[in-house]
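What follows is one structure encoded as structure tokens, with my remarks underneath.
No lab work stands behind these numbers, since they all come straight from the coordinates. The structure presented is a predicted model; accordingly, all values stated were derived computationally and were not measured. Ideal geometry is used to build each Cβ from the backbone, glycine not excepted, and the neighbour counts take in all protein chains shown.
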């Protein structure tokens, strides 16, 4: 039995600029080229570009793209998504998306992307912020989100660098935060 392929979330705005969309498409392609699955929110913008890029890889196969939708309507997924996960959870679907991720790459993004980055950080899921010149990924790369003294959010300037950082972080990733038991203090 071969090892489970890593699921890398690619997150960012549904209304991104052309440069960010080009980078997201390249990230998606490179992830599949390197043997990973691409996990997104399943809608348009960065999510669609990453899934389209994944499907353009010479190694693309059925099941390489997973979309975790905020709606219960599977037909709202972009056409590049192989596996649709309709949640009906609106923004709370970010929790599901992050929980399914082995690592997260952020490109630009607004409040939804910020919540995905923060959730990944809290669960000790490696985060790479690709500096697109705008949005949360450009602001948070190289930063720590709190005082825990952990490795800061990795910063990248190119798609190739982002994938290299993801793989480097996965090799040295600490155990995920299993959650907090009742009465547990931070």
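Using Cβ counts within 10 Å as a stand-in for footprinting exposure, how do 52, 22, 59 rank, fewest first? Write out the running numbers ahead of the final one.
On the way: 52 20, 22 15, 59 12.
With the sparsest Cβ surroundings first, the list reads 59, 22, 52.
GNM, the chain, Cα, under 10 Å: largest mean-square fluctuation among 20, 65, 76?
76
Can you put 26, 168 in order, fewest other beta carbons within 10 Å first?
Working: 26 20, 168 13.
Going from sparsest to densest Cβ surroundings: 168, 26.
In whole percent, what relative contact order does the chain give with Cα contacts below 8 Å and a gap of six or more residues? Mind showing how you got there, number by number?
Details: 431 pairs, mean separation 35.7, N = 186.
Once normalised by length, the contact order is 19 percent.
So how do 130, 145, 119 line up by other beta-carbon neighbours within 10 Å, fewest first?
Numbers: 130 29, 145 16, 119 19.
Taking fewest neighbouring Cβ atoms as first place, the list is 145, 119, 130.
(i) 1.13; (ii) 1.02; (iii) 0.95: which one is Cα Rg over 2.2 N^0.38 Å as calculated from this entry?
(iii)
Counting alpha carbon pairs within less than 8 Å and at least 6 residues apart, what relative contact order, in whole percent, applies to the stretch 1-47?
On the way: 57 pairs, mean separation 27.1, N = 47.
Reported relative contact order: 58 percent.
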